[in-house]
Structure formats: structure tokens, C-alpha cells
Amino acid sequence: MNCRFCDTALEHEFVDLGSSPPSNSYLRAEQLNEPEAFYPLRVFVCEKCFLVQIDEVKNAHEIFDDNYAYFSSFSKSWLEHARQYVEDVSGRFRIDENSRVVEIASNDGYLLQYFKQRDVTVLGIEPTLSTATVAREKGIETLTEFFGERFAKELSRDNRSADLLLGNNVLAHVPDINDFVAGLKVALNPDGVITMEFPHVLQLIENNQFDTIYHEHFSYLSLYTVKQIFEARDLEIFDVEEIPTHGGSLRIFAKHGGNTKHKVVKSVEDLLAKERWTGLQTLDYYLRFHPKVDRIKNHFLEFLVEQKRNGQTLVAYGAAAKGNTLLNYCGVRNDLIDFVVDASPHKQGLFLPGSHIPIVGESRLKDSKPDYIVILPWNLKQEILDQLDYVRNWGGRFVLPLPDLKIL
Ligand SMILES: [Zn+2]
């Protein structure tokens, strides 16, 4: 296997999380009696460009199929994040009714709806039909396509290039990152701006967020590496922000190389320096990660088994992809966690892949009054703690497995 950006042979393992089913492949009851496909979750780091990457073992078209169950609009804090972003960039880059905004992986229109309210021309590109259908019902034009250079050329030919081209949590999810960034170059107007958000690999490592590793998530990115990938396609990053979403992400701003309208600001240099001090440009830094992951696994399992032995009941909250990585790597099934509560009606009645823990609605939590609730999507911790505050009335407590086991 070679680096998907620079083609160097990959010889250094970052972490090996064993084998796991694709984390968004929720199961129906009748599927529990059928064999389930497990794929290795092995992550490498490139010694030349330091791109942390997983081997593409499963075809992206199989993962993001028409039944894909992740709907962005079911998270209130994510909606607020989108609304605020639209307000900020509209002011900064004068995005108005004369502009065209194109969002890649636009999901159910959670973000474009705010541009539409401002009479901006919007176009969503979303490969999963289930979410695209919801976006269309909101009146947001959505093409069910995978974005890459070929498709970008079609957009450009149809005079649908973007003044603002954005993608949140998609850069890390594309198997062919070179083709994707080549497409960005093609689909961007001369003075246009690209913004991309992706989880920062620095946060993953510093905060032990190994549960953000799953098959759909092909790359784990630093500014240092993304800058190289963009520059290889004559795109220049002119600003970067650290934002709190997904446990700590970067939002980058890019433009065509040589464009003078948007000035490069100091944040880029500062963040590169921060990454360098932290160690992101040395191989050793990446190789120290796996032992930290195993320590967390052991703590979490010890805790679950001890509570079970004491007759306590344990459930989980949030049937998110990251929960599946944690549960499958730790080997936790419904013998330790009775069920997982999720607000999305699209997931209720299904079962988590691998662990086969049933997904239920919140009423089940109120009826069964468990002693412990493990919060799986720790990035939504505060939202969940507020929403489930009533659990305290029966003495229920919350468990956060990462970055270190904590009982709240
Ligand atoms: Zn490389």
C-alpha cells in the first residue's frame, strides 16, 4: 500500500484497531441471523508527508449507499454551527443573492438552508439518496453524485462554478483525495473561496480520540499535510481556524494560487508552528499513539465488568459511528450494555453493527431507569447532559470513556 497523496510506500503503522464492520451499517432485526462483513481497521502514517490514512478496504459506493442513516439536522448544536458559519462567511466574503454557493456532502440541507434564506443560489452535492431527498423537500437543489475532477468539469461546463465552495467533514472521507482536490480547483471561480472543515489529527492524538477512526474516514489530517495536498493542485490556504466541532477541527480557507484578492493571514504560519512544536512533523510522535489507545480500552472494560458484577445496569446514548469503533475495539456487546438510545427515528428499531446492541427511543430510558449511561458521541456531551438531566432524579450517572474514563 502506498500513500494516497504522495505515493510513498507505507511502512509505519499508526494504530491497529482489529476488524470491524462499517460503522454506519446498522442492522435490521432479520439481519442479525446473517453473517456480517468485518474489515480491518488498520491505520498507517506516511513517513514523507505525514498523511495518516486507512487502507481503502471497502468501496465508498457501498458505504454511502441509499440507506445511509446519518442526517445532520438531528443535531441541534450542529445546526447552530452551520447557521453561525453562514452568517460569518456571508459577511466576510460578501456572499449575497449574486453569489453561487456549492456544498459538497450537503447531507439533508442542514447548512444550505441558511444561505437559501438569504436568497443565495445554492447547489448541494450529496451521494446518498436518503439525505438528498430530504434536502430536495426543503427546496434545495441537490445532485446525487460523488465529487471529483470529472464531476467538477461538468459543473464548470454548465457555468455552475462556485463563489464559495465548501465541504464539512468530507475531505477526510474521500478515498481519492488527489482527485477530490483537483475537482475543487476546477469548480472554483477565479476569486472564489474554498472552506473545508475536518477533524484535526493533532486533537485525535492529544485527546485519544481513536473512536473517530472508522472505514468511512480515510484520512486524518493536519494543516501541514493538507497544505501540501492543496499546493500540489495550485490552491493556496490563506486562513485557518481551530473550531471545537468533532473534538477539535480545522476550518481552512483556500483560493487559487496567485490570486491577490484574498491575503494570506498569520494564522496559517502560527498553526503550522503549533503543529511542529507538538511533534506532527516527526514520525516518533505518531508511533507513540497505539499504547495510549490500549490503556483506554482496558480502563473502559474494567469499569463495565465491575459495574455488571455489582448488579448495576448500563446503557449508552448516541448511535454514532464513533461509538461503534469504541464498542467493537473493546469487544463490548449487549451482555454489558443493554441498549443505546438515539433521537433519530431513522435509527430506532435497528441494531449497532458488530456489537448488535439494540437502538431505542428515549422513552425506553425513562422506563428502565439505568444506573449508568455511557455517552458515545462525546463531541455532543453538553447537549446530551442537558437533555438527559432528569436521569439524576433516579440517581443515574453518566460515563465518558474518552479521553480518559470519567464518571459525571
Ligand atoms: Zn505521503
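The values are calculated or read from the model by the stated rules, or taken from the named source; none is laboratory data. Please read all numbers here as calculations on a predicted model, not as lab measurements. All Cβ positions, glycine included, derive from the backbone under ideal geometry; neighbour counts span all protein chains shown. Side chains included, ligands, DNA and RNA excluded: accessible areas come from the protein's heavy atoms. Shrake-Rupley method; radii C 1.70, N 1.55, O 1.52, S 1.80 Å.
Quick one: in the stretch 1-33, which of the residues that are open to solvent by 50 Å² or more (accessible area, probe 1.4 Å) and part of a loop (DSSP other than H, G, I, E, B) is farthest from the ligand (Cβ to nearest atom)? Once the filter is applied, the top-ranked residue is 28.
Checked against (1) within 16 Å of the ligand (Cβ to nearest atom); (2) β-branched (Val, Ile, Thr); (3) modelled with pLDDT under 95, residue 63 passes all but condition (1).
How many of the residues in the stretch 215-231 are at pLDDT 95 or above and either part of a loop (DSSP other than H, G, I, E, B) or more than 11 Å from the chain's Cα centre (by Cα) (or both)?
Here the count works out to 11.
Selection of first residues in the stretch 230-250 that are at positive phi and of second residues that are assigned to a strand (DSSP E or B) and not β-branched (Val, Ile, Thr), restricted to Cβ pairs under 8 Å at least 6 apart or on distinct chains, gives the following pairs, ordered by first then second residue: 234/256; 246/199; 247/199; 248/199; 248/200; 248/242. For beta carbons closer than 7 Å, sequence separation of 6+ or different chains, a first residue in the stretch 39-53 that is free of Cβ contacts under 8 Å to residues at least 40 places away in the same chain and a second that is more than 7 Å from the ligand (Cβ to nearest atom) and open to solvent by 30 Å² or more (accessible area, probe 1.4 Å), the qualifying pairs are 40/19; 40/57; 42/13; 42/16; 42/55.
Scanning the stretch 305-325 for residues that are surrounded by fewer than 24 Cβ atoms within 10 Å (Cβ to Cβ), at pLDDT 95 or above and within 18 Å of residue 404 (Cα to Cα) yields a count of 3. Kindly indicate whether any position in the stretch 353-374 is at pLDDT below 95 and among the hydrophobic types (A, V, I, L, M, F, W, C). No: zero hits.
Checking the conditions here, which among 189, 178 is surrounded by fewer than 18 Cβ atoms within 10 Å (Cβ to Cβ), assigned to a strand (DSSP E or B), touching a residue at least 24 places away in the same chain (Cβ under 8 Å) and not acidic (Asp, Glu)?
On the way: 178 fails: assigned to a strand (DSSP E or B).
Of the residues listed, the single one that is surrounded by fewer than 18 Cβ atoms within 10 Å (Cβ to Cβ), assigned to a strand (DSSP E or B), touching a residue at least 24 places away in the same chain (Cβ under 8 Å) and not acidic (Asp, Glu) is 189.
Looking at the stretch 142-163, can you tell me whether even one residue there is outside any strand (DSSP E or B), in contact with a strand residue (DSSP E or B) (Cβ under 6 Å, 6 or more places away or on another chain) and surrounded by fewer than 18 Cβ atoms within 10 Å (Cβ to Cβ)? Looking through the stretch 142-163, at least one residue is outside any strand (DSSP E or B), in contact with a strand residue (DSSP E or B) (Cβ under 6 Å, 6 or more places away or on another chain) and surrounded by fewer than 18 Cβ atoms within 10 Å (Cβ to Cβ).
Number of residues in the stretch 34-58 that are more than 16 Å from the ligand (Cβ to nearest atom) and among the aromatic types (Phe, Trp, Tyr) equals 2. For the structure I just gave you, tell me whether residue 398 is among the aromatic types (Phe, Trp, Tyr) and open to solvent by less than 10 Å² (accessible area, probe 1.4 Å). So residue 398 fits the description; yes.
Across the stretch 101-120, what is the number of residues that are touching a residue at least 24 places away in the same chain (Cβ under 8 Å) and open to solvent by 60 Å² or more (accessible area, probe 1.4 Å)?
Qualifying residue count, the stretch 101-120: 2.
Given the criteria out of contact with any strand residue (DSSP E or B) (no Cβ under 7 Å at 6 or more places or on another chain) and crowded, with 19+ Cβ neighbours inside 10 Å, does residue 209 qualify? Yes; evaluated as a whole, the condition is true for this residue. Counting the residues of the stretch 76-126 that are part of a helix (DSSP H, G or I) and hydroxyl-bearing (Ser, Thr, Tyr) gives 4. Might you let me know whether the stretch 235-253 holds any residue that is within 16 Å of the ligand (Cβ to nearest atom), open to solvent by 30 Å² or more (accessible area, probe 1.4 Å) and out of contact with any Asp or Glu (no Cβ under 6 Å at 6 or more places or on another chain)? No - not one qualifying residue is present in the stretch 235-253.
When residue 340 is tested against (1) under 29 Å from residue 188 (Cβ atoms); (2) surrounded by 21 or more Cβ atoms within 10 Å (Cβ to Cβ); (3) modelled with pLDDT of 95 or more, only condition (1) is not met. Taking residues in the stretch 269-291 that are at positive phi, and partners anywhere that are at pLDDT 95 or above and surrounded by 11 or more Cβ atoms within 10 Å (Cβ to Cβ), the pairs with Cβ atoms closer than 8 Å and at least 6 places apart or on different chains are 279/285.
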